[in-house]
1. Could you list all residues from the stretch B:97-114 that are crowded, with 16+ Cβ neighbours inside 10 Å and within 19 Å of residue A:190 (Cα to Cα)?
2. How do the pairs read when you match residues in the stretch B:1-28 that are free of Cβ contacts under 8 Å to residues at least 12 places away in the same chain with residues anywhere that are outside any helix (DSSP H, G or I), using Cβ under 8 Å and keeping only pairs 6 or more apart or on different chains?
3. Taking the stretch B:39-81 as the region of interest, how many residues are at pLDDT 90 or above and farther than 30 Å from residue B:22 by Cα?
4. For the stretch A:104-130, what are the residues that are among the hydrophobic types (A, V, I, L, M, F, W, C), in contact with a helix residue (DSSP H, G or I) (Cβ under 9 Å, 6 or more places away or on another chain), assigned to a loop (DSSP other than H, G, I, E, B) and more than 14 Å from every other protein chain (Cβ to nearest Cβ)?
5. Kindly indicate whether residue A:184 is within 14 Å of chain B (Cβ to nearest Cβ) and either farther than 17 Å from residue A:140 by Cβ or surrounded by fewer than 21 Cβ atoms within 10 Å (Cβ to Cβ) (or both).
6. May I ask you to verify whether residue A:56 is touching a residue at least 40 places away in the same chain (Cβ under 8 Å), crowded, with 19+ Cβ neighbours inside 10 Å and not basic (Lys, Arg)?
7. On the basis of being part of a helix (DSSP H, G or I), surrounded by 19 or more Cβ atoms within 10 Å (Cβ to Cβ), in contact with a Cys (Cβ under 6 Å, 6 or more places away or on another chain) and within 12 Å of another protein chain (Cβ to nearest Cβ), does residue B:18 make the cut?
8. Residue pairs, Cβ under 8 Å, 6 or more apart or interchain, first in the stretch A:91-106 and more than 16 Å from residue A:120 (Cβ to Cβ), second of a type in the set (Ser, Thr, Tyr). List them.
Amino acid sequence: MSSIRVPVIEKILNANDQLASLNRKRLDEAGVFAINLMASPGAGKTTLILNTIRALAPEIRIGVIEGDTAPVTIDADKVLAAGMPAVQINTGGDCHLDAPMIEQGLNSLPLKELDLIIIENVGNLICPAAFQLGSHANVLIASVPEGDDKPYKYPNIYRGVQVLVVTKTDLLPYVTFNMDYFRQGVEMLSPGLVTFPLSCKTGEGVTEWTNWVRQQVKQKRGQ
Amino acid sequence: MHELSVTESILNIASRHAEQAEAKRVTDIHIVVGKLSSIVDDSVQFYWDMISEGTICAGATLHFQRVPARLACLDCNAEFELSAELIPCPKCGSVRVKVLAGEEFWLDSIEITR
């Protein structure tokens, strides 16, 4: 009884990626633009979402999918308080959202009544990078107090993102953050990456970001 | 830590191909992992022993072929490997680089008995 080698050559996350394509198709058919928002914990994901809602609603109808590792609804409650439909996904300790979780999330949202879905991924710079969700844009947030070395330490998450938002720029005078060094690392991993430096506290730069989102939503609607 | 879902995928893919090949059991599984793909071999092995129990893949040995992160300099064409952190081109110092390899993550082959 000798062993036989069977070639496979299949991407290990193939099943996830295929479901992500189906999610994307569903969003396309409903004319909804979807953003996958990734960042470390405390970078300001929820704050950016709330500021985006404030700037774009009711002109743009927004739904939010909140990913959390534990059944805490703090983030979802804030979105609901802002008058937007939100669905909370408890990953049960898992470090990231995946395509099957987003499929469930989409089932719970009134897709036909929405223009934009923002998916708040689990706060983590490692795992979310590996899992496609079916969103149209992967958006990464890097906050100034995290430090300027993050692209060098977590190169993976800087690959495969379409937009970078640098938050808490109001803190630049108080912390050591060399913007040139930071941007150099980003440029090495994602040449020409669209970047929005902003502060939700002072409001500086927020309009450039929300204008970009509005533009994407309009394009999606027009298709 | 997303090794559990990754390990489940490995089990699903290996079992499907094993059944197609009319295997009695799977003895070895060969996986290709790029250095940039942030997978911890030991954790996969840990979950593997738990979730493969009672399946056609029970007891199979996992083999990880590590692919280094390789970059090319767009200015001087030098190719270099990353050992840990992201670095500029060691030859000319340029930061205009392109990732050539290191993001692989696939199941290459299985070894079966019939």
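1. B:97, B:99, B:101, B:102, B:103, B:104, listed by residue number.
2. B:2/A:94; B:2/A:95; B:2/A:96; B:2/A:131; B:5/A:94; B:5/A:98; B:9/A:12; B:9/A:13
3. Looking only at that region, the number is 15.
4. A:114
5. Considered against the rule, which asks whether it is within 14 Å of chain B (Cβ to nearest Cβ) and either farther than 17 Å from residue A:140 by Cβ or surrounded by fewer than 21 Cβ atoms within 10 Å (Cβ to Cβ) (or both), residue A:184 comes out as yes.
6. no
7. No; evaluated as a whole, the condition is false for this residue.
8. Taking only residues 6 or more apart or on different chains, the pairs are A:92/A:69; A:93/A:69.
The values are calculated or read from the model by the stated rules, or taken from the named source; none is laboratory data. Quick caveat: nothing in here was measured; it's all calculated off a predicted structure. Don't worry about glycine lacking a Cβ; one is built from the backbone with ideal geometry, like all the others, and counts go over all protein chains shown.
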